[in-house]
Amino acid sequence: MTYLETWEVTMAAIDEAVEIRKGEELDEQKVREFLIDSIPGLKGDISIKQFPGGFSNLTYLIRIGDREMVLRRPPRGKKARTAHDMGREYNILRALKPVFPFCPEPLLYAEDPGVMGCPFYVMERIKGIIIRKELPLEVSFTPGELRTLSARLIEVLCSLHSLDYKKIGLGDFGRPEGYVRRQVEGWSGRYRDARTEDAPDCERVMQWLHDKMPADSPVPCVIHNDYKFDNAVLDPADPLKIIGILDWEMATIGDPLMDLGNSLAYWVQKDDPDGVLLVRQLPTHLEGMFTRQEVVDFYGEKMGRKIDNFNYYLCFGLFRLAVIAQQIYYRFFHGQTTDKRFGMLIHVVNILNEAALVEINRFDLQKEVGD
């Protein structure tokens, strides 16, 4: 029996906030006063909780009276110079919302250091189901339904990549010329800057990404740069329907295949090595989910383009994910965070480095066979 036959949404299936982690508290009175002064119609008492998922920006559920909102702010500790730009994330939501209905509605952006000592923004909450490492106990999909859900996730990505970014006012939001080069050089620099003494040097991967760099994309577009199941919100009334896409902090104008490669770095499938399965963060290994190659083929068909040598983009995605993990681990290694999840990320960095090397070998083998 499938959820389509028996579905009843319980609160446990809805993505909920929990008590705030130690050291990441907000001043409730300051936040309440600022929001009531800034957003018309707000009144009542405030409660603040924290969404537990994610390793980057801190995300809180704000309730004032009967209204629910989401507040996002940068993490504490060492941050990459251009990371965690709250104003940038807010502005892309403002531009996208009228043409891409999956965005949350942005409500306000603030730089006043007197509220919490950093820039932040507030948006409406999209309340629904978010799939994380495992499916919620209340959710049951058949393999056929998981295939449908895989397809719908990629269809939404295709709709984003099909937008004319200049027409919606994002012509100056990014620089598509030289995008791949900047990404490879930028993330390589970030890794070297965040490397700790117990981390792999990743030099072979970085050099290969530099040497095999493809030309600029002929079809640059708005890219999300962190597009995956746990940034998608599913409709509680129909969990095969996607109603929201979250976490736009790394969005820009760039190469759509780089975006897809970043997504597939998270897409662990059931025949992957044990080490990769061990660090799986999403249930993409379940029977019925697309394989990575099926995702690439489906995306290419929807976008009307032939995709060759995707190993390059997947290798970059794996390396970039290793850099993100290493940057977060750096904060733990140097005592800038007490979140115990971060201490395990050094193992993730090693596994991702090895997975990137596998893609390098596959790419080079394909080249040899082609020649």
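Assorted remarks:
- Solvent-accessible area, 1.4 Å probe, carbon plus sulfur percent, for the range 293-335: 45
- Heavy atoms of the protein chains alone define the surface here; on that basis the chain has 46 Å² accessible area per residue at 1.4 Å probe size.
- With a Förster radius of 41 Å applied to the beta-carbon distance between Lys127 and Thr196, the computed FRET efficiency rounds to 0.60.
- Positive contributions from Lys and Arg (+1) and negative ones from Asp and Glu (-1), summed over other residues with Cβ under 9 Å from the Cβ of Glu68, come out at +2.
- Contact order relative to length of the chain, as percent, for alpha carbon pairs under 8 angstrom and 6 or more apart: 17
- Note on Lys340: lysines with a C-alpha under 23 Å away, same-chain residues under 8 apart excluded, are Lys22, Lys49, Lys78, Lys79, Lys133.
- The Cα atoms of the chain cover 69, 51, 43 Å along the three principal axes, with the biggest extent listed first.
- Overall, the accessible surface of the range 121-193 at a probe of 1.4 angstrom is composed of carbon and sulfur to the extent of 48 percent.
- Couplings 3J(HN,Hα) of the range 301-317, computed from phi: 5, 5, 8, x, 9, 8, 10, 10, 6, 5, 3, 4, 5, 5, 4, 4, x Hz, in residue order, whole Hz [Karplus 6.51 cos²θ - 1.76 cosθ + 1.60, θ = phi - 60°; x for Gly and Pro].
- Straight Cα distances below 18 angstrom link Lys212 to the lysines Lys367, with same-chain residues fewer than 8 positions distant left out.
- Label-point separation in nm, Ala237 to Lys166, each point 7 Å along Cα→Cβ: 4.0
- Three-way shape call for the range 161-243 based on the alpha-carbon gyration tensor, with the a/c threshold at 1.5: oblate
- Sum of side-chain charges, Pro218 neighbourhood, beta-carbon under 10 Å (Lys, Arg +1; Asp, Glu -1): -1
- For the range 201-272 versus the range 299-346, the gap between their alpha-carbon centres in whole angstrom: 10
The values are calculated or read from the model by the stated rules, or taken from the named source; none is laboratory data. Please read these numbers as outputs of a predicted model, since none were measured by experiment. Neighbour counts are summed over all protein chains in view; Cβ atoms, including those assigned to glycine, are modelled from backbone coordinates with ideal geometry. Note: areas computed on protein heavy atoms with side chains; ligands, DNA, RNA excluded. Shrake-Rupley method; radii C 1.70, N 1.55, O 1.52, S 1.80 Å.
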